[in-house]
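Worksheet: the structure to be examined is printed underneath.
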Amino acid sequence: MHIEVRNISKTFHGHKAVDNVSFSIERGKLIGLLGPSGGGKSTLLRILAGLETPDSGDIFINGKRVNDVQPQLRGIGFVFQNYALFKHMNVFDNIAFGLTIRKASKAEIKTRVGELLDLTGLRGFEHRYPHQLSGGQRQRVAFARALAPKPDLLLLDEPFAAIDAKVRKELRTWLKQLIGTLGITSIFVTHDQDEAVEVADEMLIVQKGRLEQQGSPVHIYTDPQTAFVAGFIGHSTVVEQPESLRGFGGSSLTAGAKALIRPEFVEVGREREIPFPSAAEKGKVRHIFFRGAHLELDVEVGSNRLSAHRSLDQEPLQPGDEVSVLIHRLYVISDESATIVENPLKVDPLPVHI
Ligand code: ADP
Ligand code: MG
């Protein structure tokens, strides 16, 4: 294992910012560290970098315990959310900074900065100052500066949070490619699930200082282990009284447990379009939103409101239409766990011949 974090905790003024977190990361992986604001992501990253001391727990890099190793000797590059470039230094000097303090020779610095200017597409900008650059360019400088001393591990704390949506999307594609080419182990912090899913080989989901789940984006999406992850990833509707749903009226749902239902778990249509009418609920279309590639339907089922997708190729529905609603599966939430339950009534209807 390249990175191993064991039972790390950190308390600020009686508040547990990081609560007994353990994980390990293989060399070369790009990890998305995802969770809501205040969840402890930055604190975790700063502890890894040695900018913060944990109250307890151990950090291993390449099998060596680094708790007592100075930040600058841990072989870690750090990119922060706010560009944190030196305003009074031009692009060249900003990128060269880590090499200058390590007393690298002039020739060495020139070669390495040149490589990084090419790598980050900043050739020609070396004499500009930060205020003469766009947000995206500044973050590329920050990235080049972090890479200059050839770190073994790259930590990126919401690097694109301050950049507008379109440029941000371009930058993350660029970053993923670049990190892939370099093969450098990286941890990318974000509170944006789409960003994490798009960028990461593997995700770590944290909330309230605790690690909720580690796994590939597909694994986390399809098999959330905790109630928090089931609700945080994807676009779910919470159903307070799932026992009121006919199709799920069997013994599989206990009264009092909530359910989470994703739009892709729900099929809405005229009765004849629904493959298992006996398992379907009756509903009414309340709103229809055009979402580009598909329609999103807001449907009332008893006292519940569900969200479902419908293809543009299907027969159009109107708000107010009575529809059949087949819920294929849902997550049952009890205490802090999430369990997927398939519709128990979804049996193949036998064709009736008289
Ligand atoms: P995130 O990066 O996920 O938004 P942080 O790691 O910044 O979360 O913060 C986690 C919690 O720890 C928050 O409640 C925050 O207010 C608190 N915290 C972080 N750093 C400090 C600090 N230096 N002093 C006091 N509280 C802090
Ligand atoms: Mg943060």
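The values are calculated or read from the model by the stated rules, or taken from the named source; none is laboratory data. Remember, it's a predicted structure, so these values are computed and weren't measured experimentally. Glycine gets a Cβ as well: all are built from the backbone with ideal geometry, and neighbour counts include every protein chain shown.
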ask   = Going through the range 116-125 one residue at a time, which ones are exposed (fewer than 14 other Cβ atoms within 10 Å of the Cβ) and either part of a helix (DSSP H, G or I) or touching a Ser or Thr at 6+ places or on another chain (Cβ under 9 Å) (or both)?
value = D118
note = Taking the range 26-52 and keeping only residues that are of a type in the set (S, T, Y) and either more than 16 Å from ligand 1 (Cβ to nearest atom) or free of Cβ contacts under 8 Å to residues at least 24 places away in the same chain (or both), one is left with none
query = Is there any pair with a first residue in the range 315-333 that is farther than 16 Å from L295 by Cα and a second that is of a type in the set (D, E, K, R) and modelled with pLDDT of 95 or more whose Cβ atoms are under 7 Å apart and which are 6 or more apart or on different chains, and what are they?
reply = E322/K284
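Please specify each residue of the range 28-85 satisfying the condition of being away from ligand 2 (no atom under 16 Å from the Cβ) and surrounded by fewer than 14 Cβ atoms within 10 Å (Cβ to Cβ).
T53, D55, S56, N62, G63, K64, R65, N67, D68, Q70, Q72, L73
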key: Filtered residues of the range 111-140 (kept if of a type in the set (A, V, I, L, M, F, W, C) and either in contact (Cβ under 8 Å) with a residue 40 or more places away in the chain or outside the structural domain of L171 (by TED's automatic domain parsing) (or both))   = L119, L133
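Identify, from the list R286, R291, R272, R305, the residue that is of a type outside the set (A, V, I, L, M, F, W, C), more than 24 Å from Q241 (Cα to Cα) and over 25 Å from the mean Cα position of the chain (by Cα). Quick ask: steps written out before the conclusion?
On the way: R286 fails: more than 24 Å from Q241 (Cα to Cα); R291 fails: over 25 Å from the mean Cα position of the chain (by Cα); R305 fails: more than 24 Å from Q241 (Cα to Cα).
Exactly one of R286, R291, R272, R305 is of a type outside the set (A, V, I, L, M, F, W, C), more than 24 Å from Q241 (Cα to Cα) and over 25 Å from the mean Cα position of the chain (by Cα), namely R272.
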inquiry  = Exactly one condition in (1) surrounded by fewer than 19 Cβ atoms within 10 Å (Cβ to Cβ); (2) within 16 Å of ligand 2 (Cβ to nearest atom) is false for E158; which is it?
reply    = (1)
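When you check I184 against the structure, is it in contact with a helix residue (DSSP H, G or I) (Cβ under 6 Å, 6 or more places away or on another chain), away from ligand 1 (no atom under 14 Å from the Cβ) and in contact (Cβ under 8 Å) with a residue 24 or more places away in the chain, yes or no?
The answer is no for I184.
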Single residue of A200, A196, A257 found to be over 22 Å from E296 (Cβ atoms), aliphatic (A, V, I, L, M) and in the same structural domain as P319 (by TED's automatic domain parsing) = A257
message = If L345 satisfies all but one of (1) modelled with pLDDT under 90; (2) touching a strand residue (DSSP E or B) at 6+ places or on another chain (Cβ under 9 Å), what's the number of the condition it fails?
response = (2)
